[in-house]
Amino acid sequence: MRVVAVGGGPAGLYAAILLKKADPRHDILVLERNRLDDTFGFGVVFSEATQENLEQADPETFVAMARRSARWDDIDIHYNGNVLRSTGHGFSGLSRRAMLDILADRATALGVKIEIGTDVQDPTPYLDADLVLAADGANSALRDRFTHAFGPSIDWRPNRFVWLGTTRPFPAFTFYFKSDVHGLWRVHAYQYEQGHSTFIVEAREETWRAACMDKATEDETIRFCEELFAEELEGHRLEPNRSIWRSFGTVKAAHWHHKNIVLLGDAAHTAHFSVGSGTKLAMEDAIVLTRSLGQHRDLHDALRAYEAERRPVVESLQRAAQVSLEYFENTERYMQLEPVQFAFNLLTRSLRITHDNLKVRDPRFVESVDRWFAGGAAHAAGMREPPLPSPPPLFTPFRLRELLLENRVVVSPMCQYSAEDGTPNDWHLVHLGARAIGGAGLVFTEMTDVTREGRISPGCTGMYKAEHVEAWKRIVDFVHQASRAKIGLQLGHAGRKAATKKMWEGDNEPLDSGTWPIMGASPIPYYPHSQVPRQMTRADMTGVRDAFARAARMGNDAGFDILELHFAHGYLLASFISPLTNKREDEYGGTLERRMRFPLEVFNAVRNAWPVAKPISVRISAVDWAPGGLESADAVQVARAFKERGCDIIDVSAGQTVADQAPVYGRLFQTPFADRIRYDAGIPVMTVGNISSFTDVNTILAAGRADLCVLARAHLYDPYWTRHAAYALGWSVDWPDQYESLDRYKPRFT
Ligand SMILES: Cc1cc2nc3c(=O)[nH]c(=O)nc-3n(C[C@H](O)[C@H](O)[C@H](O)COP(=O)(O)OP(=O)(O)OC[C@H]3O[C@@H](n4cnc5c(N)ncnc54)[C@H](O)[C@@H]3O)c2cc1C
Ligand SMILES: Cc1cc2nc3c(=O)[nH]c(=O)nc-3n(C[C@H](O)[C@H](O)[C@H](O)COP(=O)(O)O)c2cc1C
């Protein structure tokens, strides 16, 4: 096979090596425009897991690289005058120049031809090769030449960074967070060979401009950074290497192969340098491509197999990298944290390191986090001392007004479609009762509607007639008597999403029979075939407001501990907040402030009707996942407005506003919105959405991303989720007297 690789970076050279090794008859040519020692940057970092892959793929290269690598286990975090060290991380670093030398030598020894100084602007002369590797980096000209086929996109991020070197031998992977008059500067520094370290300086665009770095030459950049970090550099100089300030671009491509051309490495995908994996991804691409070519006779089958295997791995890492880069874009937000929490938050930012696996790497550090967290939680809850040993964060108490929750797990509101004319029955008693006995700190009812017309479906529960109070009281009393859980009432009105079928008969689908007239902020149907809601008049608004206040009083009579107003998911009040569903031209439509008027009026009426000692939560959709809809910055404003009026906690959900939403799902996918609201609006938050592991809950809490974790489907699957968490985490939760014999029982799950 005749192979041409455009680009002699890690992707092109390593693929050339592996292909030549796989079959020495291959004729392989690598075209590189620059001299190999003319490379940008200084060092690259590999984790221990990456090294195992490399060792298997080509032991010779691996050994040569290992010989030149510096190794370290520690991460040092310099923050507000403190140095926090976490250990057990297992990295190695290597000079990029040394790595390219090693790769080029190995490739040449195997018989690969490397042509230096060839800048491939027009690939036509090379396209008759059997296989063309587009390994020409993030700005790949070859990829862009076939834009229609590859469908590339680059998301340019707002922060600016410069890649510098220094002779200061950092003993650990080191982060500095240092403020000057211009703003906050972040440094990522590590030693990659004896006496040489990478020193990447990063800042927000406004900080960078304020320091005039947008106009700085390379020399001026060096001078500025040397002065700013004089103390940290301990007398060592900074060294440039084509050190221009850049923005990071996240590269993605819809397709990675076209005819006989295949994208590898940065040409196909980039991952922010703070997860240190670009080189690893490039080299692993080469490994999988070589294996796929060996396994498939047909070139296109091989390229398809390569993309099918690599894409999910790369996309998962890009998701982690995205969370990590957003952390560095928003670090200012976290500068108020206590040092130990700041460090934990930083270490767990990309979700790849959790409370659990950090405990394996560095048990002492996690113990200190848990101790600190438990102390703060006990203090805030009005308790004297936390128990010893410290509970996992999940099992710490949380107070809102007079409501004291025993732990941080919440059963999310979940419609059961099992009521008749709004009256809850034995199903609801068993459903909510079981979950309360299951150990959660707080159990929410499903969305319970303040009027008959406000029900999502004929099976939804309500709080609009006297018998509802009695029926709910039976459930509330059971929860209070049989468990230590508290119980909350979620109140709502379905608005334009009312009069629809039960979920299992057609989610959000209009009723075939027995329907009723519906209303909304504006006369826009949910689906084109849905019923068109009536635009609410002022009289309708007064009626709804009063119905909410009445339902709140009834909820208090039933004994509920907390109220949650459902102002999310496109239901009535959410339909006022979102610009996609509120097109009103009166004082209740237009700007966010005007769209919030009616929801705030309802909130005020409910706050006045609900006892001062009891808290209120508002569930919002932080984003609409649709163009022109709510964005997370709007959600901060929304949260602030409720906070100012006496809301105690925001339950941060997202979406379900419009039928053509395009959510980005994933593990904990809505937690970043909760995190943002918690700091930017300064109000406690609950986070919900694809949370299912105990360790994720501990991580979210200890990192300060939310105050409570809300789980829905995990609780449908396992009503005893919290008890299982206790067992797994070595904690104990009291059993009801009836189950006391379990104290001497040891479960076996496998
Ligand atoms: C600040 C910063 C820090 C980083 N830190 C790390 C880290 O710690 N660990 C890590 O793993 N990764 C890191 N990376 C990422 C890493 O550098 C890249 O992901 C990796 O180099 C990708 O390899 P590649 O071969 O795909 O592309 P590149 O390394 O970019 O190589 C592409 C090659 O193609 C050549 N080329 C381009 N166009 C042409 C053309 N038209 N004709 C001929 N030749 C051409 C270029 O000269 C270059 O040599 C970092 C990146 C940045 C920006
Ligand atoms: C069966 C079911 C019913 C739901 N009903 C409600 C509801 O009544 N009110 C509400 O705010 N959210 C409702 N939701 C959304 C959940 O509360 C939660 O936000 C969502 O399922 C994401 O959490 P999860 O990933 O833990 O399941 C419902 C979800 C499910 C699965």
Which residues, taken from the stretch 704-741, are in contact with a strand residue (DSSP E or B) (Cβ under 7 Å, 6 or more places away or on another chain) and of a type in the set (Ser, Thr, Tyr)? Thr722
Test: residue in the stretch 208-217 that is within 12 Å of ligand 1 (Cβ to nearest atom) and on the phi < 0 side of the Ramachandran plot: no
Filter the stretch 7-35 down to the residues that are open to solvent by 10 Å² or more (accessible area, probe 1.4 Å) and in a strand (DSSP E or B), then identify the one that is farthest from ligand 2 (Cβ to nearest atom). Asp27
Which residue is nearest to ligand 1 (Cβ to nearest atom), if the candidates are limited to the stretch 135-170 and must be among the polar types (S, T, N, Q) and free of Cβ contacts under 8 Å to residues at least 24 places away in the same chain? Asn139
Output the residues belonging to the stretch 695-710 that are crowded, with 24+ Cβ neighbours inside 10 Å and within 14 Å of ligand 2 (Cβ to nearest atom). Val697, Ile700, Ala706, Leu708, Cys709, Val710
Does the stretch 675-683 contain at least one residue that is crowded, with 20+ Cβ neighbours inside 10 Å, away from ligand 1 (no atom under 16 Å from the Cβ) and closer than 16 Å to Ala440 by Cβ? no
For the stretch 725-733, state whether one or more residues are among the β-branched types (Val, Ile, Thr), away from ligand 1 (no atom under 16 Å from the Cβ) and surrounded by 21 or more Cβ atoms within 10 Å (Cβ to Cβ). no
Of everything in the stretch 581-614, what is over 32 Å from the mean Cα position of the chain (by Cα), open to solvent by 80 Å² or more (accessible area, probe 1.4 Å) and more than 19 Å from Gly492 (Cα to Cα)? Give them in sequence order. Glu585, Glu587, Val612
Which one of Val3, Val44, Val83 is more than 13 Å from ligand 1 (Cβ to nearest atom) and in contact with a helix residue (DSSP H, G or I) (Cβ under 7 Å, 6 or more places away or on another chain)? Val3
Under 6 Å between Cβ atoms, at least 6 apart or on separate chains: pull out the pairs that start in the stretch 647-675 with a residue that is within 11 Å of ligand 2 (Cβ to nearest atom) and among the aromatic types (Phe, Trp, Tyr) and end on any residue that is assigned to a loop (DSSP other than H, G, I, E, B) and open to solvent by less than 20 Å² (accessible area, probe 1.4 Å). Phe669/Gly689
Out of curiosity, is Ala49 more than 16 Å from ligand 2 (Cβ to nearest atom), under 32 Å from the mean Cα position of the chain (by Cα) and within 18 Å of Ala141 (Cβ to Cβ)? no
In this structure, is Met414 open to solvent by 20 Å² or more (accessible area, probe 1.4 Å), within 16 Å of ligand 2 (Cβ to nearest atom) and among the hydrophobic types (A, V, I, L, M, F, W, C)? yes
Which number in (1) touching a Ser or Thr at 6+ places or on another chain (Cβ under 8 Å); (2) surrounded by fewer than 19 Cβ atoms within 10 Å (Cβ to Cβ); (3) under 23 Å from Ala11 (Cα atoms); (4) not basic (Lys, Arg) marks the one condition that Asp356 misses? (3)
Out of the residues in the stretch 507-521 that are of a type outside the set (A, V, I, L, M, F, W, C) and under 33 Å from the mean Cα position of the chain (by Cα), which is nearest to Arg545 (Cα to Cα)? Gly520
Test Arg723 against the criterion of being out of contact with any helix residue (DSSP H, G or I) (no Cβ under 9 Å at 6 or more places or on another chain) and within 28 Å of Ala482 (Cβ to Cβ), and give yes or no. no
With the first residue restricted to the stretch 62-89 and required to be of a type in the set (Phe, Trp, Tyr), and the second required to be assigned to a loop (DSSP other than H, G, I, E, B) and buried (at least 19 other Cβ atoms within 10 Å of the Cβ), Cβ contacts under 8 Å at 6 or more apart or on different chains are Trp72/Ala172
List the residue pairs whose Cβ atoms are under 8 Å apart, where the first residue sits in the stretch 319-348 and is open to solvent by 20 Å² or more (accessible area, probe 1.4 Å), the second is of a type in the set (A, V, I, L, M) and assigned to a helix (DSSP H, G or I), and the two are 6 or more positions apart or on different chains. Val340/Val369
Being under 13 Å from the mean Cα position of the chain (by Cα), surrounded by fewer than 19 Cβ atoms within 10 Å (Cβ to Cβ) and either of a type in the set (Val, Ile, Thr) or more than 16 Å from ligand 1 (Cβ to nearest atom) (or both): is that true of Gly666 here? yes
What residue, of Lys178, Lys215, is free of Cβ contacts under 8 Å to residues at least 60 places away in the same chain and of a type in the set (Lys, Arg)? Lys215
Considering (1) out of contact with any strand residue (DSSP E or B) (no Cβ under 9 Å at 6 or more places or on another chain); (2) over 30 Å from Glu467 (Cα atoms); (3) open to solvent by 10 Å² or more (accessible area, probe 1.4 Å), say which one Pro397 fails and leave the rest. (1)
Residue list for the stretch 711-733, restricted to those being more than 16 Å from ligand 2 (Cβ to nearest atom) and either out of contact with any Gly (no Cβ under 9 Å at 6 or more places or on another chain) or closer than 26 Å to Ile650 by Cβ (or both): Tyr727, Ala728, Leu729, Gly730, Trp731, Ser732
Given the criteria away from ligand 2 (no atom under 16 Å from the Cβ) and modelled with pLDDT of 95 or more, does Phe170 qualify? no
Filtered residues of the stretch 615-661 (kept if surrounded by fewer than 24 Cβ atoms within 10 Å (Cβ to Cβ) and of a type in the set (Asp, Glu)): Glu631, Asp634, Glu644, Asp648, Asp660
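The values are calculated or read from the model by the stated rules, or taken from the named source; none is laboratory data. Bear in mind that the values here come from a model prediction, so they are computed numbers and not experimental data. As a convention, Cβ positions derive from the backbone with ideal geometry for all residues, glycine included, and neighbour counts pool all protein chains shown. Only protein heavy atoms, including side chains, enter the accessible area calculation; ligands, DNA and RNA are left aside. Shrake-Rupley method; radii C 1.70, N 1.55, O 1.52, S 1.80 Å.
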